[in-house]
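The values are calculated or read from the model by the stated rules, or taken from the named source; none is laboratory data. Here the structure is a predicted model, which means the values were calculated and not measured. Cβ: placed from backbone, ideal geometry, glycine included. Neighbour counts: every protein chain shown. Just the protein is used for accessible areas: all its heavy atoms, side chains included, with ligands, DNA and RNA removed. Shrake-Rupley method; radii C 1.70, N 1.55, O 1.52, S 1.80 Å.
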Amino acid sequence: MMASLIEYGIRSPSVLHAMAGVPREDFVLEADRAHAYADRALPIDAPGQTISQPLMVALVVEALELHEGDRALDVGTGSGYQAAVMSACGAHVVSIERLESLARSAAERLHRLNYDVEVVEGDGTLGVPERAPFDAIAVGAAAPRLPIELARQLVEGGRLVVPITDGPNGEQLTRLRLVNGRWETESLGPCRFVPLIGADGYRDAATS
Ligand code: SAM
């Protein structure tokens, strides 16, 4: 896995160190432990949900430009793997997950593995205002548009990395940075994620 991350252009020493240290086999289903370090998304314990491909996790976390002691928000906890990588980069991480069962199991796993991550259950499209502001925010699911409440929870100089839907065939990984009180956005390339469901996201197909 590490060789392919380097081959695909991941350069940040702290991200490479974090990716080498977080035990991905502890975040995948028992049946997939043998494939834990394959460069692909794998199913997790909720219908249709996945632990993201390692390369995508590395790209997102590198784009966050985390520094030791940063306050970071991870939207879409899933297995907790990306939150663990962010924590291993030195950030104090709050991670929010809309599905209660995933939030509970990820919190237990992260605690057992000793990562500095607080998991909360709720709609991450609205951020976590009681813990804001954040130096960095990562969104692990595809948003239909820029999630404004998340952008509002950044400190000056803060970074928000979010996949935003770009037509029927995928998303653009987008980085927003708050510079002198203004939001500057840049596109980091195409990507593919499950939908972000919530008040400022997509509607839940199961309930609508
Ligand atoms: N980064 C995660 C990991 O390392 O395992 C994988 C994220 S998975 C691709 C997307 C997650 O986002 C799912 O667990 C899904 O339930 C969650 N999600 C979707 N919409 C959400 C929302 N509005 N707030 C919080 N979590 C959400």
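Considering the stretch 106-135 alone, what residues qualify as being among the small types (Gly, Ala, Ser) and over 21 Å from GLY21 (Cα atoms)? Show your work before the answer.
Here is the first cut: in the stretch 106-135, the ones among the small types (Gly, Ala, Ser) are 106-107, 122, 124, 127, 132.
Selection gives GLY122, GLY124, GLY127, ALA132.
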Answer from ALA72, ALA31, ALA83, ALA38 - the residue that is within 10 Å of the ligand (Cβ to nearest atom) and either among the hydrophobic types (A, V, I, L, M, F, W, C) or in a helix (DSSP H, G or I) (or both):
ALA83
Scan the stretch 127-134 and tell me whether some residue there is modelled with pLDDT of 95 or more, more than 23 Å from GLU184 (Cβ to Cβ) and within 15 Å of the chain's Cα centre (by Cα).
yes
Only one residue in GLY78, GLY90 is touching a residue at least 12 places away in the same chain (Cβ under 8 Å), at positive phi and buried (at least 19 other Cβ atoms within 10 Å of the Cβ). Which one?
GLY78
Could you tell me whether the stretch 26-36 includes any residue that is in contact (Cβ under 8 Å) with a residue 12 or more places away in the chain, under 26 Å from LEU150 (Cβ atoms) and open to solvent by less than 30 Å² (accessible area, probe 1.4 Å)?
yes
Out of the residues in the stretch 1-15 that are closer than 18 Å to ALA36 by Cβ and without any contact (Cβ under 8 Å) to a residue 24 or more places away in the chain, which is least open to solvent (accessible area, probe 1.4 Å)?
MET2
